[in-house]
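The values are calculated or read from the model by the stated rules, or taken from the named source; none is laboratory data. Note that the structure is predicted; figures quoted are calculated from it, not measured. Here the Cβ positions follow ideal geometry from the backbone for every residue, glycine too, while neighbour counts run over all protein chains shown.
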Amino acid sequence: MANTENRRTWTDAQLSEAIESNPSWRAVARALGLKETSTAAIKRHALRLELDTSHFTGQRRWSDQRLREAVASASCWADVIVELGIVDNGAERVRIKGHAVRLGLDCTHLKSPLAQPAPIEVFDQPVRPEMLRYSAAALAMAWFTLRGCAVALPIEPQEYDLLVTTPDGVQRVQVKSCAAPTKRGYWHVGIGRRPYVLDKTAGKMPYDPDSIDLFFIVLGDGSIYVIPSAVLAGRTSISAANYTPYRVGDASSLLGGAPVAMDAPRPVSAYAREFLGIRGLVDPQGFAFDVYPGSEAV
């Protein structure tokens, strides 16, 4: 260290003066007659002498001290940028914010002039029943995925909406919904399709049972049904009350309502047990816990 001190060509006083009158370490090095890259030694001695370098700007046009003052007196980041005398663009704004964070400045009082008070609720938009038809497929995907089944969407339009991989093979699923009951309180679900003709007034026709394996039906009260296509073969509409053995869940909380009242579960009907055993979508014994009393499937 003694040899290093002896090789110095500048004194502590000269270093102090150079730091006070220059905006960067490279400028200080030039003022002391050193190469611009020879800053390690002068930084070490400046630290030993506890010299103030807060006015240094480097390649910036503003110093740390000026940034401190601008942040303290401003009410938004735009004010800070104006005070520093720079162009307000995305890159400079991010640079200033980052430098303020590195300096540990308190920026909590800096708000956007357009910022609105945060609402008490994170999201309080009401449920729109007419949107159920657009969200039913997403509900079906979540329902099958939560049960360990891989779900895929067909690349081209098909008679089915989803392809669901189960332990016993791929099931082709058609998703249907009913947003509201009839005036008499019945959930009347349309499960037909329009023929591929230009006439949009053509009546609906049933799905070919060989083209669909399962119907996933969600009602406006949150009730979820998974019904084999063979059970609904030839039909274009059903009353959900007739298919309670195939009711498998409740999504009422997503629809903004209270959970649908459910009676105690009972064993699945003999017909449903036989069919589900063949199709292998779920274990018939396990399925029994998701079945509720009501009329038999027709």
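Couple of notes before you dig in:
- Under the condition of being over 53 Å from the mean Cα position of the chain (by Cα) and in a loop (DSSP other than H, G, I, E, B), the residues counted in segment 6-34 number 7.
- Residue identified as β-branched (Val, Ile, Thr) and touching a residue at least 40 places away in the same chain (Cβ under 8 Å) among 170, 151, 218: 218
- Inter-residue pairs, beta-carbon under 9 Å, first of a type in the set (Ser, Thr, Tyr) and in segment 72-100, second in a helix (DSSP H, G or I) and surrounded by 16 or more Cβ atoms within 10 Å (Cβ to Cβ), 6+ apart: 73/80; 73/83
- At least 2 residues being of a type in the set (Lys, Arg) is the threshold, and among the strands (runs of 3 or more DSSP E) wholly inside segment 127-209 those reaching it are 169-178.
- Scanning segment 170-215 for residues that are among the charged types (D, E, K, R), out of contact with any Ser or Thr (no Cβ under 6 Å at 6 or more places or on another chain) and exposed (fewer than 14 other Cβ atoms within 10 Å of the Cβ) yields a count of 7.
- The lone exception for residue 93 - which of (1) surrounded by 13 or more Cβ atoms within 10 Å (Cβ to Cβ); (2) in a loop (DSSP other than H, G, I, E, B); (3) at pLDDT below 85 it fails: (2)
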